[in-house]
Structure formats: structure tokens, C-alpha cells
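The values are calculated or read from the model by the stated rules, or taken from the named source; none is laboratory data. This structure is a prediction, so every number in the text was calculated from the model and none was measured. Quick reminder, even Gly has a Cβ in these numbers, built from the backbone with ideal geometry, and neighbours come from all protein chains shown. Surface areas here come from the heavy atoms of the whole protein model, side chains and all, with no ligands, DNA or RNA. Shrake-Rupley method; radii C 1.70, N 1.55, O 1.52, S 1.80 Å.
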Amino acid sequence: MHALRKNRPLRRIVLASAATVSGMVLLLSLKPHDTPAVAVPAAAAPSGGTSGSTAGGTTVTGDSVQTRWGPVQVRVTLENGKLTDVTAVVWPTDNPRDQEINSYALPRLRTEALQAQSADIDTVSGATYTSDGYRRSLQSALDSAGG
């Protein structure tokens, strides 16, 4: 009969525990892969409440809203009180996962905002924090514009 079978159950427990602890130590000693941060140009990220008139209407930038994964800020364009454009000017881009999430979330949030003509938009599944920041920045821009 093998040494680790029924005659020595305590030995199996000790060996299994030691293997588990060793595996955890190795796993926790791994360093996460860091990607270089993607900088958002300062010119593309004006402070909250910035507005101006263009040939296409009034453009207002909402407040920058800090989320768990980074700031979110949007700029809106209004013509005759109607929301004609919403553009995200700042969003989390620190890692590939942020970029993946926001590549599908931001277009959906924009479409919803233009359809709703307000900040009363649904959260995009998988992008809860970005959706919340987007909604709050959008509302701040609409408030500043008087819309």
C-alpha cells in the first residue's frame, strides 16, 4: 500500500496544506503587468462648466467626475434647447481593460443621452462606474447650459 493512503491521513493533510501555501506564496509574489498610462491632453479636458457659442449652438463642458477607475467628463452641444451632441472628453484609460470597457460603453451612453435628451440614461452593463460618472458630468453640463 502507498505511504499516503489510509495508514497516514495526517501526512496527506500536511502535504496538501504545504502545497497550497506554496502555491499562494508564488501567486502573490507575481508582479502585475503595468502598462504605460495614456495621457489625456490638457487642452481636451477643460475645467467643469466651460461653455461657448459656436455656429452649431452652445457648447458646455460638464464637471469632471472622479470615479473608482478614474475621471469622467463630457461636453455637450445644444441648439435651440435641444441636445445635438455629447462627447466624452475624459474617461478612464489606464489599462487595457478600461479601454475595452469604454470602447463599447461610451458610444452607448452617447446614443442614450441623445435619445433621452437628458441625463436620465441607463447604466451600461459592465461599465457601472463610467456610466455613473458620465451621467453626473452630463447633468452638470446641462445644468450649466440651463437645459
Ignoring ligands, DNA and RNA, what percent of the accessible area of segment 61-131 is carbon or sulfur (1.4 Å)?
46
Förster radius 22 Å - calculated FRET efficiency between D143 and R68, Cβ distance, rounded to 0.05
0.40
Separation between Cα centres of segment 96-139 and segment 61-84, rounded to whole Å:
10
Additional length obtainable on full extension of the chain from E79 to R11, 0.36 nm per residue less Cα span
16.8 nm
If R0 = 22 Å, then Q117 and T87, at their Cβ-Cβ distance, give a FRET efficiency to the nearest 0.05 of 0.90
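Report the FRET efficiency, 1/(1 + (r/R0)^6), for T128 and L30, where r is their Cβ-Cβ distance and R0 is 30 Å, rounded to 0.05.
0.60
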